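Structure first, then comments.
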């Protein structure tokens with residue numbers, strides 16, 4: 001289980017949630033169908049938006065604290081099913097039109113094998129949306145130049161705190177998706193993050209959206225990567 005010091009902190013529910021919402025906004029046009037699977041729930045950022053789009057959502061979450069949060073957010077909601085299970089051991093009883101693997105691939109010991117399983121859970125014409133932090137983002141490069149790590153892809157203090165097993169750039173993510181038999185429709189960098197979250201806490205929405213647009217111009221330096229995949 002990951003250290004709970006970060007999750008539900010002011011930073012995670014504040015600036016990090018606000019920037020993640022911008023990434024989700026970019027991914028939402030690719031959501032399809034009526035049945036969705038949300039892997040890596042945490043605080044409902046994806047589930048809330050999927051419900052707003054009229055989908056029913058199955059949540060798979062292994063962390064007890066996050067499961068408790070989900071139960072508190074959707075009591076009695078017939079459009080939400082919650083499964084307290086590890087990602088690797090979950091066995092679905094249906095196929096899904098949309099599967100969200102939000103920032104969770106870096107915690108999986110055998111990612112290619114896991115992605116191949118997700119492919120088998122997709123309905124015909126279904127889509128898998130994967131998001132991961134970009135190890136070569138601007139703020140990680142800056143941290144390296146300041147001597148905080150030897151290389152941008154090295155695990156930093158936050159990576160260790162939340163239990164990351166690996167880092168991703170666009171090439172590694174595309175390779176793993178292809179090896180799993182998935183067709184990559186979109187693989188984009190999103191949101192230029194020039195500073196740490198703590199340094200950006202007071203930024204207003206207009207400034208955040210400006211850096212969202214800059215991320216489109218400098219995708220290799222963007223904070224997050226998202227991939228939209230099909231069979």
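Quick look at the values:
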{"read-out": "Qualifying residue in the stretch 67-84 (condition: outside any loop (DSSP other than H, G, I, E, B) and under 21 Å from residue 231 (Cβ atoms))", "value": "no"}
{"read-out": "Positions within the stretch 135-145 being buried (at least 21 other Cβ atoms within 10 Å of the Cβ), without any contact (Cβ under 8 Å) to a residue 40 or more places away in the chain and not in a loop (DSSP other than H, G, I, E, B), in sequence order", "value": "140"}
{"read-out": "Failed item, numbered, when residue 106 is tested on (1) free of Cβ contacts under 8 Å to residues at least 60 places away in the same chain; (2) under 25 Å from residue 47 (Cα atoms)", "value": "(1)"}
{"read-out": "Which listed residue, of 215, 189, is surrounded by 14 or more Cβ atoms within 10 Å (Cβ to Cβ), more than 30 Å from residue 121 (Cα to Cα) and in contact with a strand residue (DSSP E or B) (Cβ under 7 Å, 6 or more places away or on another chain)", "value": "215"}
{"read-out": "Only one of 126, 102 that is in contact with a helix residue (DSSP H, G or I) (Cβ under 8 Å, 6 or more places away or on another chain) and closer than 27 Å to residue 185 by Cα", "value": "102"}
{"read-out": "Some residue of the stretch 98-106 being surrounded by 13 or more Cβ atoms within 10 Å (Cβ to Cβ), touching a strand residue (DSSP E or B) at 6+ places or on another chain (Cβ under 6 Å) and in a loop (DSSP other than H, G, I, E, B)", "value": "yes"}
{"read-out": "Residues within the stretch 36-50 that are more than 20 Å from residue 107 (Cα to Cα) and either at pLDDT below 90 or surrounded by fewer than 18 Cβ atoms within 10 Å (Cβ to Cβ) (or both), tallied", "value": "1"}
{"read-out": "Residue within the stretch 179-186 that is in contact with a strand residue (DSSP E or B) (Cβ under 9 Å, 6 or more places away or on another chain) and assigned to a helix (DSSP H, G or I) present", "value": "no"}
{"read-out": "Residue ID - farthest from the chain's Cα centre (by Cα), chosen from residues in the stretch 4-31 that are under 19 Å from residue 129 (Cα atoms) and buried (at least 18 other Cβ atoms within 10 Å of the Cβ)", "value": "31"}
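Residue-by-condition table, conditions (1) in contact with a strand residue (DSSP E or B) (Cβ under 7 Å, 6 or more places away or on another chain); (2) at pLDDT below 90; (3) outside any loop (DSSP other than H, G, I, E, B):
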site: 123; (1), (2), (3): yes, no, yes
site: 126; (1), (2), (3): yes, no, yes
site: 133; (1), (2), (3): yes, no, yes
site: 147; (1), (2), (3): no, no, no
site: 155; (1), (2), (3): no, yes, no
site: 166; (1), (2), (3): no, yes, no
site: 172; (1), (2), (3): no, no, yes
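The values are calculated or read from the model by the stated rules, or taken from the named source; none is laboratory data. The structure displayed is predicted, hence computed values, not measured ones. Glycine gets a Cβ as well: all are built from the backbone with ideal geometry, and neighbour counts include every protein chain shown.
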